[in-house]
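Student: Below is one structure. I have some questions about it.
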Amino acid sequence: MLHDSRAITRLPSGDLDRAQAFYAEKLGLEPSEERPGGLLYHCADTEFVLFQSAGAPSGDHTQMAWTVDDIDATVEELRSRGVVFEEYDVPGLRTVGGIAEVEGNYPSKGGVGERGAWFRDSEGNLLAIGEPVTA
């Protein structure tokens, strides 16, 4: 039933002006559509929405991620814009310089793992970037 439908990520925002500034200044993204209570963004052939919400994101799991070709260059660029990356040292996940090696991700795409990095937006949403590791 839904397999032919597009999935769209929706992220809550307590302050859309603040969120819009973060996404523009830190991530280099501008909304393709603005409406009262929401901002629509396009990245390649995908889209996501920031919506005004009185609720707060849990921030304890990845809420949205981008796949990149060069995670080192992307982390460096985002850091130069003021993005602060999370550091983890828990069983099964340890970051070094903000980047973790995650074994076993992307097997359906011929991958053997992923290099990943996580950061929070201005609203507390936990976002990630990942680079597939192929054999």
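Student: Please report the carbon-and-sulfur percent of the accessible area for the chain; probe 1.4 Å, protein heavy atoms only, DNA, RNA and ligands left out.
Tutor: Summing carbon and sulfur atoms, their accessible area is 50 percent of the total for the chain.
Student: Could you work out how far helix 16-25 tilts from the main Cα principal axis of the chain, as a 0 to 90 degree angle to the nearest 10?
Tutor: Compared with the principal axis, the helix lies near 50 degrees.
Student: Let me ask something else about it. Once you have a ≥ b ≥ c as the square roots of the Cα gyration tensor eigenvalues for the range 51-101, tell me rounded if a/c is under 1.5, and otherwise prolate or oblate according to whether a/b is larger than b/c.
Tutor: Note, shape of the range 51-101 comes out oblate.
Student: Moving on to the next point. Tell me, what is the per residue accessible area of the chain in Å², probe radius 1.4 Å?
Tutor: For the chain, the solvent-accessible area averages 60 Å² per residue.
Student: OK, next. Rounded, prolate or oblate: which fits the chain when a ≥ b ≥ c are the square roots of the eigenvalues of the alpha-carbon gyration tensor, with rounded for a/c under 1.5 and prolate only if a/b beats b/c?
Tutor: In terms of gyration-tensor shape, prolate.
Student: Residues with beta-carbon under 9 Å from that of VAL133, excluding VAL133: net charge, scoring Lys, Arg +1 and Asp, Glu -1?
Tutor: Summing Lys and Arg as +1 and Asp and Glu as -1 gives -3.
Student: Net charge near TRP118, counting Lys/Arg +1 and Asp/Glu -1 over other residues with Cβ under 10 Å of its Cβ?
Tutor: Every neighbour counted, the sum reads -1.
Student: Quick one: work out the % antiparallel among DSSP beta bridges in the chain, nearest 5.
Tutor: 75 percent
Student: Pairing the Cα long axis of helix 71-80 with the longest principal axis of the chain, what angle in degrees results, from 0 to 90 and rounded to the nearest 10?
Tutor: Long axis of 71-80 versus the principal axis of the chain: about 40 degrees.
Student: LEU11's amide H: which non-local residues (gap 5+, or another chain) put their own amide H closer than 5 Å, with H modeled 1.01 Å from N in plane and none for Pro or chain starts?
Tutor: VAL49, LEU50, PHE51
Student: Turning to a different aspect of this structure: Under the rule a/c < 1.5 gives rounded, and otherwise a/b versus b/c splits prolate from oblate, where does the range 75-135 land using the Cα gyration tensor? Before the final figure, lay out the partial values.
Tutor: On the way: a/c = 2.08, a/b = 1.73, b/c = 1.20.
Verdict is prolate for the range 75-135.
The values are calculated or read from the model by the stated rules, or taken from the named source; none is laboratory data. Just so you know, these numbers come straight off a predicted model, no measurement behind them. Heads up, the Cβs are rebuilt from the backbone with ideal geometry, glycines too, and the neighbour counts pull from every protein chain shown. Accessible surface areas use protein heavy atoms only, side chains included; no ligands, DNA or RNA. Shrake-Rupley method; radii C 1.70, N 1.55, O 1.52, S 1.80 Å.
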